Amino acid sequence: MGMQVSTGGGLKADPNIVPFIDVLLVLLIIFMVITPLTPKGLDALVPQPPPPGAKADPADNRTVVIVINADKSMLINAEPTDMNRLGPRLEEIFKTRAERVVFVKGDPSLEFALVAQAIDIAKGAGIDKIGLMTAKIEAGE
């Protein structure tokens with residue numbers, strides 16, 4: 001029978017990395033599951049300016065813009081309205097149209113709650129896509 005003789009090196013300690021790999025894989029799976037659940041904002045539509053040199057025909061303008069002024073008065077394409085008449089008026093405008101797109105332009109001094117209320121009314125009126133207009137977008141920048 002053989003007998004093992006010590007070489008004098010003392011105890012040899014090898015770290016067991018299997019538990020670390022298990023923890024790493026569990027964390028990887030958790031982050032992969034959580035990542036798609038991050039909140040997503042609203043999709044924003046931006047009206048595109050006409051190409052340079054193109055003539056604007058007012059009869060061909062089918063863009064509907066809701067303008068909310070600083071004094072909280074509202075206009076739909078320069079037609080005065082208010083929050084109570086906004087929904088029925090939008091339904092009337094879009095009852096014969098296939099493309100239901102509205103742009104909302106609010107005065108910068110307004111609280112966003114009023115703009116959000118107009119967006120909510122437009123969604124309730126059956127509008128598919130709602131875009132926000134800013135001063136830079138309107139200037140074509």
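The values are calculated or read from the model by the stated rules, or taken from the named source; none is laboratory data. Computed from a prediction, not measured in an experiment: that's the story for all the values here. Note: ideal-geometry Cβ built from the backbone for every residue, glycine included; neighbour counts use all protein chains shown.
Kindly indicate which of LYS55, LYS72, LYS12, LYS40 is assigned to a loop (DSSP other than H, G, I, E, B), modelled with pLDDT of 85 or more and not aliphatic (A, V, I, L, M).
Criteria check complete, one pass: LYS72.
Just to check your reading of the model, which residue among LYS136, LYS95 is modelled with pLDDT under 85 and loosely packed, with under 13 Cβ neighbours inside 10 Å?
Numbers: LYS95 fails: modelled with pLDDT under 85.
Exactly one of LYS136, LYS95 is modelled with pLDDT under 85 and loosely packed, with under 13 Cβ neighbours inside 10 Å, namely LYS136.
Cβ-Cβ below 7 Å, separation at least six or inter-chain, first residue in segment 51-72 and farther than 16 Å from LEU90 by Cα, second at pLDDT 85 or above: which pairs?
ASN69/ASP107; ALA70/ASP107; ALA70/SER109; ALA70/LEU110; LYS72/LEU114
I'm trying to understand the selection: among the residues of segment 58-69, which are within 24 Å of the chain's Cα centre (by Cα) and either at pLDDT 85 or above or part of a helix (DSSP H, G or I) (or both)?
Correct list: VAL64, VAL65, ILE66, VAL67, ILE68, ASN69.
Please pick out the residue among LYS72, LYS105 that is of a type in the set (D, E, K, R) and farther than 24 Å from GLY41 by Cα. If you could, list the steps in order and put the result at the bottom.
On the way: LYS105 fails: farther than 24 Å from GLY41 by Cα.
Of the residues listed, the single one that is of a type in the set (D, E, K, R) and farther than 24 Å from GLY41 by Cα is LYS72.
May I ask you to list the residues in segment 80-91 that are in a strand (DSSP E or B) and either under 19 Å from GLY126 (Cβ atoms) or β-branched (Val, Ile, Thr) (or both)?
So the first thing to find is which residues in segment 80-91 are in a strand (DSSP E or B), and the list is 80-81.
If the condition is that a residue be in a strand (DSSP E or B) and either under 19 Å from GLY126 (Cβ atoms) or β-branched (Val, Ile, Thr) (or both), then THR81 is the only one that fits.
Going through segment 75-88 one residue at a time, which ones are of a type in the set (A, V, I, L, M) and either modelled with pLDDT of 90 or more or surrounded by 12 or more Cβ atoms within 10 Å (Cβ to Cβ) (or both)? Working first, answer last.
Our first condition is that a residue be of a type in the set (A, V, I, L, M); within segment 75-88, this holds for 75-76, 78, 83, 86.
If the condition is that a residue be of a type in the set (A, V, I, L, M) and either modelled with pLDDT of 90 or more or surrounded by 12 or more Cβ atoms within 10 Å (Cβ to Cβ) (or both), then LEU75, ILE76, MET83, LEU86 are the ones that fit.
List the residue pairs whose Cβ atoms are under 8 Å apart, where the first residue sits in segment 82-106 and is in contact (Cβ under 8 Å) with a residue 40 or more places away in the chain, the second is part of a helix (DSSP H, G or I), and the two are 6 or more positions apart or on different chains.
Every condition considered, the pairs that remain are LYS105/GLU138.
Determine whether ILE121 is modelled with pLDDT under 90 and not in a loop (DSSP other than H, G, I, E, B).
In short, no.
Report the residue count in segment 124-136 for those that are part of a strand (DSSP E or B) and over 16 Å from LYS95 (Cα atoms).
4
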